[in-house]
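> There's a structure below that I have some questions on.
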């Protein structure tokens, strides 16, 4: 008899973490993600594990995004010594993601402690260090899709392509007890069917228990080609206004999609004379990882590229400038118009995008383009919700720039795609919705009942079920 306890991304979008416990598996975490939103140092200092990390036998990681992987260094710091089982591409991306995330945290912590010292407040000790990153990366155990991997004494795990980002996976765990097999499927984050650079999510047919994401369970996305037309029109109008474009960068997935689509617009003669700046060391590093894996991607659009273009997303966009260092980033401020600035972070919780907002968000000629989900509590969500004033670096800024959202570039499946994926399981499994806000989950649960007569549960954080 196994149990699953929902420890994160339960009636919320970030912080994915679910614990599977059973005599044949030991204690296994499905993901170990951080919550996002608010002050990064305060958020990380406040994160607490409701279990002893030393008691965890393994982590099964669906993909490399920080809301699914970001607390692995802390888990290691507090005693975890087992394997992190994932796909090979996830293991490669994880090195970039965790080094960048922990590096930013330590720099922010240093600034916080300088401020605390000036104010006579106690200094904060780091929750984890770069040594913990190095250690947990050595624990990564990367595998191919569809490869059966032993998990505990009487279970196995197999990964299938989730089509979300490079290396993202649907997790299938088979438990064997008393000559009987039970199958748990965890969707991870499912991608869209029409993504230019990703394969469609794999359709599975058998599960006894299904944990499925519901980020966009309440709505569908605009088609990707329609979204490219929307992007073209926004760029054209901003160019005519003499402005600049700021795009908060999701370093893994969305940035690479953007570079591809901007490259297509350039080759079609529809990009005007924009200078494109990728101002994110992490996104630059990730793009080079994508280049190494590009030959494995087989979306319809990617087949239209020449072999030379397939070898490098960077080369596909000749007007691309890479801003790795801070001096190169600051130099962008001297450009008065005609700059497309793709800078981290995707939800504006930190990174260089906030510095570009400082320089340009108060100018009505400029445009901010969001390309993905903005979680509650993030600066990105505040702006998307229509705030006229925002606070950054201890100062107030008026928001006069045009604000647009490209929903069709989301890396998540929309409602129809989620419903169709769930319908592929026959007979219908016991189904629970995770990784979604309440309104989205309620809408998806209602549709599943009306369309498929499937009654689902929506666990809260801390809930457990017997499997």
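> In the stretch 315-372, which residue that is part of a helix (DSSP H, G or I) and closer than 21 Å to residue 227 by Cβ is modelled with the lowest pLDDT?
Step by step, filter the stretch 315-372, then rank; the result is 316.
> Do the conditions hold for residue 271, that is, is it under 23 Å from residue 366 (Cα atoms) and in a helix (DSSP H, G or I)?
Against the criterion (under 23 Å from residue 366 (Cα atoms) and in a helix (DSSP H, G or I)), residue 271 does not qualify.
> Right, residue 326: in the same structural domain as residue 393 (by TED's automatic domain parsing) and surrounded by 15 or more Cβ atoms within 10 Å (Cβ to Cβ) or not?
Considered against the rule, which asks whether it is in the same structural domain as residue 393 (by TED's automatic domain parsing) and surrounded by 15 or more Cβ atoms within 10 Å (Cβ to Cβ), residue 326 comes out as no.
> Does the stretch 195-236 hold any residues that are in a loop (DSSP other than H, G, I, E, B) and within 18 Å of the chain's Cα centre (by Cα), and which are they?
Selection gives 195, 196, 197, 198, 199, 200, 201, 214, 215, 216, 217, 221.
> Pull up the stretch 368-381, narrow it to residues that are touching a strand residue (DSSP E or B) at 6+ places or on another chain (Cβ under 9 Å) and touching a residue at least 40 places away in the same chain (Cβ under 8 Å), then point me to the one that is farthest from residue 257 (Cα to Cα).
Step by step, filter the stretch 368-381, then rank; the result is 380.
> OK, next. Can you name the number of the only condition in (1) more than 23 Å from the chain's Cα centre (by Cα); (2) outside the structural domain of residue 158 (by TED's automatic domain parsing); (3) within 28 Å of residue 90 (Cα to Cα) that residue 265 fails?
Only one criterion in (1) more than 23 Å from the chain's Cα centre (by Cα); (2) outside the structural domain of residue 158 (by TED's automatic domain parsing); (3) within 28 Å of residue 90 (Cα to Cα) is unmet by residue 265, namely (3).
> Return the only residue of 289, 228, 245 being modelled with pLDDT of 95 or more and in contact with a helix residue (DSSP H, G or I) (Cβ under 7 Å, 6 or more places away or on another chain).
None of the others qualify; the one that does is 245.
> Would you check which residues across the stretch 52-73 are part of a loop (DSSP other than H, G, I, E, B) and either free of Cβ contacts under 8 Å to residues at least 40 places away in the same chain or closer than 18 Å to residue 163 by Cβ (or both) and list them?
52, 56, 61, 62, 63, 64, 65, 70
> Working only within the stretch 186-236, note down all residues that are surrounded by fewer than 16 Cβ atoms within 10 Å (Cβ to Cβ) and touching a strand residue (DSSP E or B) at 6+ places or on another chain (Cβ under 8 Å).
Matches in the stretch 186-236: 206 only.
> Can you name every residue in the stretch 20-46 that is crowded, with 21+ Cβ neighbours inside 10 Å and at pLDDT 95 or above?
Passing the criteria: 20, 28, 29, 30, 31, 32, 33.
> Test of understanding: among 109, 94, 104, 124, which residue is more than 22 Å from the chain's Cα centre (by Cα) and buried (at least 17 other Cβ atoms within 10 Å of the Cβ)?
When all the criteria are applied, what remains is 109.
> Within the stretch 382-432, count every residue that is part of a loop (DSSP other than H, G, I, E, B), over 23 Å from residue 203 (Cβ atoms) and free of Cβ contacts under 8 Å to residues at least 60 places away in the same chain.
So the count comes out to 8.
> Residues of the stretch 412-435 being more than 21 Å from residue 172 (Cβ to Cβ) and buried (at least 18 other Cβ atoms within 10 Å of the Cβ), which ones?
Scanning the stretch 412-435 gives 414, 415.
> State all residues of the stretch 5-43 that are more than 30 Å from residue 390 (Cβ to Cβ) and part of a loop (DSSP other than H, G, I, E, B); if no residue qualifies, say none.
Selection gives 23, 24, 25, 31, 32.
> Kindly list the number of the only condition in (1) in contact with a helix residue (DSSP H, G or I) (Cβ under 7 Å, 6 or more places away or on another chain); (2) surrounded by fewer than 21 Cβ atoms within 10 Å (Cβ to Cβ); (3) touching a residue at least 40 places away in the same chain (Cβ under 8 Å) that fails for residue 15.
Going through (1) in contact with a helix residue (DSSP H, G or I) (Cβ under 7 Å, 6 or more places away or on another chain); (2) surrounded by fewer than 21 Cβ atoms within 10 Å (Cβ to Cβ); (3) touching a residue at least 40 places away in the same chain (Cβ under 8 Å) one by one, residue 15 breaks only (2).
The values are calculated or read from the model by the stated rules, or taken from the named source; none is laboratory data. Computed from a prediction, not measured in an experiment: that's the story for all the values here. Please note: Cβ atoms are built from the backbone with ideal geometry, for glycine as well, and neighbour counts cover all protein chains shown.
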